[in-house]
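Working notes, structure below.
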Amino acid sequence: MRVRIVPTFKGKYTVQVVSKYSGKLTVHKHLGTFATEVEKQNLIKEAKEYIKTQTGQEELFSIPQNLQLKNVVITQSRPLFLYRLLCRIYNLFGFDQYDDSLIRDLVVARVFQPQSKRETREVMSDLFGIDYSIITIYRHLKKEIDHNLKDQFQTALINFAKTGLNDSLHLVFYDVTTLAFDSHAKAGLKDFGYSKDHRFQDVQIVVGLVVNRDGFPLYFDVFNGKTFEGKTFVTVVEKVKKLLNNPDLVVIADAAMISRINVEELDKRKVGFIVGTRLANLPLKLQTQISSEVSKIDLKTTTVKYLNHRLICQYSISRAAKDKSDREKQIEKAKIIISSPSRISSRFRFVQSINGQYEVNNTLIEKAKRLEGIKGYLTNTNLPESTIIERYHDLWRIEKAFRITKTDLEARPIFLRLDKTITCHLIIVFAGLAIVRYLEIKTNMSIKRILKIAGKVLTHEVKNSVTGEKALIETTIIDEELKQKVQLLNSLGH
């Protein structure tokens, strides 16, 4: 049994004694509602007395009486406040319905201190006092893959986004990244391809991710490492639309996803989209029309027809300045390369070869000048121009999600060998990303800051060296600002 505090419709809070077994919550006793701190403490005290009389269960954080400081020995200190916080968020998402504490602990450890599976086992043992054998860990991972853990977690997060984050999921964002292996051997999903991490010498996999407008993850998929990202788009969108069951779905993606085939397929499936467009691929006549209509006026937009849909183009002075700077650097690089042809080992933007002679591509330079500062957005929706542009620029949220997976959760490099264990690794990272983004959304702090604050509250096992009596006590936070942040974290997930 434990004490539970829940909000009421009248703006107060009620104190209950509850227990949970096999995913089912049972309320044993309602102690009453409170509006002040004094009332709260009195009700909590009553609840603890009730638990003690019913079960004989003592309070976890009780201090032996007549304990003198000279007799105190701290035998152990563990970050159990943080462990309980991460477990609560895990349960809040509904992941606990799948009733595998080992998977939960792997997700918690991934957020707290990402390591290899073998090192994670040591982290759980040393810091949380939880012992699993490495064989048990891999056996559970294989079992959960066979039980469709990926689909179960994705469904839970979609349901939580609707109820817990109040998101209609009318609008979602999609992008891909690559994760490299410390290996040169192709096998299964692992293959050579275009590496976003600039590790072209290693095999990799391609990972597609769908998030909501808060950057909260909803769905992921994994593809062979040589897969072109545009070919993943329709496949993922089809699966996401089915999971969301939303006929008005609008997907936002970058320019790499656009192709005539993709546009036709999305139209056929009646999926709304907003995608960036590479204007350099447009017919010359259309490029000239767009350039003349925006007339280098800051934030001026124009709409033309392309692939039977609206192509909204906007000019930006700041974007034009960056484009010009990039172009001038590339022209200088082209001139240097042309002066030393033996150094040409790859393709350069403004270098062309005619009859075996290298020269500057002036036609391409003129095209770049014409399109400087202009960004295009293709859509099949009826949303206003300003909304289209604004929503597209929210793509940075999925880019942030990828940064979290690669840095804070250390999803790369991967040392795993089998496709099943690779997928398991990504499921753990995916669930960890959901916990991280939820905490960041609710606290407006980075996960590094959250872990640092929560890590200051340790659970200490103290021992009376005279009597041998033991107790657990928690770090007392004195600083008021830090105390408020700890209280905020402690309020999450209930």
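Within the shell defined by Cβ-Cβ distances under 13 Å, the residues around A320 carry a net charge of +4, with Lys and Arg each +1 and Asp and Glu each -1.
Only residues of the stretch 358-375 count here: report those whose backbone N is under 16 Å from the spot 7 Å along Cα→Cβ of R349, or say none. Within reach of a label on R349, which here means backbone N under 16 Å from a point 7 Å along Cα→Cβ, the stretch 358-375 contributes 360-375. Of the listed values (1) 23.6; (2) 26.6; (3) 23.0, identify the label whose number matches Kirkwood radius over Cα pairs in Å calculated from this model. Label (2) holds the value from this structure. In terms of overall dimensions, the C-alpha atoms belonging to the stretch 405-476 reach 56, 34, 16 Å along their principal axes, ordered largest to smallest. A simple spin-label model places pseudo-atoms 7 Å from Cα toward Cβ; at K322 and T467 they are separated by 6.7 nm. Near M124, once Lys and Arg are set to +1 and Asp and Glu to -1 for all other residues with Cβ below 12 Å from its Cβ, the sum equals +1.
Given K375/K448; K285/K335; K296/K329, which pairs have Cα atoms separated by over 25 Å? Present the calculation step by step, with values, prior to reporting the outcome.
On the way: K375/K448 35 Å; K285/K335 29 Å; K296/K329 22 Å.
In this structure, K375/K448; K285/K335 lie more than 25 Å apart at Cα.
Each peptide in 78-86, 298-306 receives the mean, over its residues, of other Cβ atoms within 10 Å, and ordering these scores from highest gives 78-86, 298-306.
Sparsely packed loop sites in the stretch 155-238 (the chymotrypsin sites (Phe, Trp or Tyr not before Pro) outside DSSP H, G, I, E and B with at most 12 other Cβ atoms within 10 Å) comprise F200.
Cross-link partners for K420 among the lysines, with Cα-Cα distance under 16 Å and sequence neighbours closer than 8 places in the same chain left out: K117, K142, K143, K150, K186, K190. So how far, in whole Å, is the C-alpha centre of the stretch 362-421 from the one of the stretch 159-190? So the separation of the two Cα centres works out to 14 Å. How tilted is helix 480-491 with respect to the longest principal axis of the chain? Cα atoms for both, answer in degrees (0 to 90, nearest 10). For 480-491 against the chain, the angle is about 90 degrees.
Round to the nearest 0.05 the FRET efficiency obtained for H494 and D197 when R0 = 56 Å and r is the Cβ-Cβ distance. It would help to have the intermediate numbers written out before the result.
Values: r = 39 Å, r/R0 = 0.70.
With R0 = 56 Å, the Cβ-Cβ based efficiency is 0.90.
Under 8 Å for C-alpha pairs, at least 6 residues apart: give me the relative contact order for the chain, rounded to a whole percent. Could you put the intermediate results ahead of the total?
Working: 751 pairs, mean separation 95.2, N = 494.
Normalised by residue count, the contact order of the chain is 19 percent.
Listed by chain and number, the lysines placed with their C-alpha closer than 24 angstrom to that of K270 are K162, K231, K239, K241, K242, K305; residues fewer than eight positions away on the same chain are left out.
Counting Lys and Arg as +1 and Asp and Glu as -1, what is the net charge of the other residues whose Cβ lies under 9 Å from the Cβ of I74?
Values: positive: K463; negative: E461.
So the surrounding residues net to 0.
Paramagnetic label reach from D100 (point 7 Å along Cα→Cβ; backbone nitrogen cut-off under 18 Å): within the stretch 420-446, residues 420-435. The simple Förster model, with R0 at 41 Å and r as the Cβ-Cβ distance, assigns N281 and D146 a FRET efficiency of 0.40.
222 nm [θ] for the chain, helices only, -39500 (n - 2.57) per DSSP H run of 4+, per residue, to 500? Each step should come with its number before you reach the end.
Details: 16 runs with 212 residues, N = 494.
Taking each H run of at least 4 residues, the total per residue is -13500 deg cm²/dmol.
Between the stretch 218-266 and the stretch 447-494, the alpha-carbon centres lie 45 Å apart. Of all aspartates and glutamates in the structure, the ones whose alpha carbon falls short of 19 Å from that of K300, not counting any fewer than 8 places away in one chain, are D323, E372, E385, E390.
Readers should treat all values here as calculations from the given coordinates under stated rules, not as data from a laboratory. Note that this is a predicted model, so its numbers are computed, not measured. Positions of Cβ are generated from backbone atoms using ideal geometry, with glycine treated the same way; all protein chains shown enter the neighbour counts.
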